[in-house]
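The structure under discussion appears below in the form of structure tokens.
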Amino acid sequence: MKRFFGILLVVLLTVGQLTGCGPTEAVNEKDPSAQTDALTSIYNGELERNVTLRILENDTAIEQGYFKQLIDAFNEKYKDYGIVAVDANMDQRSNLADDGPYGYGPDVLYQANDSIMKYVEGKHIYPIPAESLEHYSQIPEHAWDAYKSEVDGKAYYMGVPVNVQTSMLFYRKDMLPKDWETNWDKNKNKVPDMVENWNDLYKYSKSIVESGTGKYGYMRSLYDVYFSSGFLFSYGGYIFGNQNTNPEEVGLSAGNAEVGANVLLQLASVMNEESIDDSITVNGYSKIADGTYFAMMTTPDVYSLFIKELTLEYEKKGMGTESAKALAEENLVVTGLPLLPASGDLTEENPELIPLKAMGGINGYAISAYTKAPNASLAFVEFATSYEMIMKRQELLGSIPAHSDAAKATGGVSEIVFNNLSEGNIVVMPSITEMVQVWSPAETFFTDLAKDAFRTSDKKYTSLEELKNGLKVVDQQIYDAIHTLSN
């Protein structure tokens, strides 16, 4: 604790050491002293005593017991100061802009970068003295950039990255064909082809559907923009111009994005009509557990929910809880996303393969501008984002650390995702308020796309040109919502 506040005071009193001299060079060269003044007016390095900090955490972290471990450990460390962290007892999507001014908001909040950064414009959150954090250098540029903002012409970091949130493939190892090592491992790397590339996953899914057992291979609610948009990005589409910072330019139809839309259309053809709405999002855990689905794409932080459902399924068959959980952990595999065919044709044999550029987010902590204990709140953020707690979060929730040391120590999927972030294969959600106008038009398009797989004579998307035109309409709808309808 002494070390932390010693560093903090040095940082606050050193010109240019505040909010980004380092990986993102976010120092305001015109008036660096203004940054120093802004932060020292918030944080003076002295802990407020006998205060209660209300913490807004992720629902899954609460349900799985991580949050209790976090606040118990923090409270023990700071008990001599009378500082107590408690659950804010609010929905994880609560709006600080509505609650904060009336004293109902949290002191510290944990959310995705786009959710946190929407509070910057109204000055609902405080900037963070980033370089005062012990793990500052362990967090890569792409992660810090998700929380970088200019306020009154000065650059600051408004949150502290914790986890990388992106798409992963979850599948049942025990549902692989018995002959997969001889017939589904062309490159003999001991990894099933159907989890390495979308062409083989499509082929395997089709074979399962055609078996008439009522089971499916890959399943996903295609309306979900978070998961479906990556197929557009992989072929040249993007959300906003200038690396998702310029809402004057909307580009979901850019490049050959229609090829990615066609990949989704092909995948929908081997699913059922639950792919049209959010049904698969809701029932995916139980359907994977009972063997109805072989695989689905979702985020790593829900790993524990899959394990819980699969454990219950095995218990129904007479297994003890400990044995059931061990078998669930053995049979549920989480891996990186399969590679896409450069052509976009899922039936092509031996295609050239390219990475799927998935949408992602950087979940992290921010400090409310309405807190009466900013120094204690900063101490909580420092504690919650320490190596020890990041590793504990990963252990209990299966989350992907945004810290290089933790990702390396965890290895496996965590290291793969961390490297994908560093290499730009994870497209971080725009941290600008205009992002809110993207979801509805894009959801409407992806829903219509999924429906088209089940239409007969009235299909809407029978060519790449029609898909391109459909995406252009989405671009225009988003642009209009930002620049016309919202004014």
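The values are calculated or read from the model by the stated rules, or taken from the named source; none is laboratory data. Remember, it's a predicted structure, so these values are computed and weren't measured experimentally. Heads up, the Cβs are rebuilt from the backbone with ideal geometry, glycines too, and the neighbour counts pull from every protein chain shown. What goes into the accessible areas is simple: the full protein's heavy atoms, side chains included, and nothing from ligands, DNA or RNA. Shrake-Rupley method; radii C 1.70, N 1.55, O 1.52, S 1.80 Å.
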Under the 0.36 nm per residue contour assumption, what length would be gained going from the current alpha-carbon distance of GLU330 and GLU46 to full extension?
97.4 nm
For Cα pairs less than 8 Å apart in space and 6+ apart in sequence, what is the mean separation divided by the residue count of the chain, i.e. the relative contact order in percent?
23
Gap in Å between the Cα centre of the range 65-140 and the Cα centre of the range 164-223?
40
Could you please state how large a percent of the accessible area of the chain is carbon and sulfur, counting protein chains only and using a 1.4 Å probe?
48
For the charge dipole of the chain, defined by +1 on Lys and Arg C-beta atoms and -1 on Asp and Glu C-beta atoms about the Cα centroid, which residue among TYR238, PRO129, ALA402 has the Cα displaced farthest towards the positive pole?
ALA402
Given a Förster distance of 35 Å, report the FRET efficiency between GLU423 and GLU349 from their Cβ-Cβ distance, rounded to the nearest 0.05.
0.80
Using the scaling law 2.2 N^0.38 Å as the reference, what is the normalised Cα Rg of the range 100-228?
1.63
Given 10 Å bins starting at zero, what is the percent of C-alpha pairs of the range 370-431 in each, up to the one with the largest pair distance?
21, 38, 30, 10, 0
State the Kirkwood hydrodynamic radius of the chain in Å, one decimal place, computed from all pairs of distinct Cα atoms.
23.9
Taking a crude spin-label model, label points 7 Å out from Cα along the C-beta direction, the SER323 to GLU248 distance in nm is 6.7
Strictly greater than 28 Å: what percent of every Cα pair in the range 351-487 meets that?
46
Using only alpha carbon pairs under 8 Å that are at least six residues apart, calculate the relative contact order of the range 134-192 and give it in whole percent.
18
Longest exposed-loop-site-free stretch of the chain, with trypsin sites (Lys or Arg not before Pro), DSSP loop and at most 13 other Cβ within 10 Å?
191-316
Taking 7 Å along the Cα-to-C-beta vector as the label spot, tell me the GLN69-ASP152 distance in nanometres, rounded to one decimal.
4.2
Can you pull the Rg over Rh of the range 397-443, Cα-only, Kirkwood?
1.14
Using the beta-carbon distance between ASP405 and ASP179 and R0 = 60 Å, what value does 1/(1 + (r/R0)^6) give for FRET efficiency, to the nearest 0.05?
0.90
Please give the per residue accessible area of the range 289-380, computed with a probe of 1.4 Å over protein heavy atoms only, in Å².
38
Given +1 on the Cβ of Lys and Arg, -1 on the Cβ of Asp and Glu, and no further charges, what dipole in debye does the range 357-406 carry about its Cα centre, rounded to the nearest 20?
200
For the chain, build the charge dipole from Cβ charges (+1 Lys, Arg; -1 Asp, Glu) around the Cα centre, then report which of VAL51, TYR119, SER431 sits farthest towards its positive end.
VAL51
In nm, the gap between the two label points placed 7 Å beyond Cα toward Cβ at LYS123 and VAL191 is 5.0
Å² of accessible area per residue within the range 48-116, as computed with a 1.4 Å probe and no ligands counted:
48
Rounded to the nearest 5, what % of the DSSP beta bridges within the chain are antiparallel ones?
70
With T = 25 °C, eta = 0.890 mPa s and Kirkwood Rh from C-alpha pairs, the Stokes-Einstein D of the range 242-286 in µm²/s is about 186
Within the chain, longest stretch clear of exposed GluC sites (Glu not before Pro) (DSSP loop, no more than 14 other Cβ within 10 Å)
135-347
Using the Kirkwood radius built from alpha carbon pairs, what does the Stokes-Einstein equation give as D for the range 266-349 at 4 °C and 1.567 mPa s, in µm² per second?
89
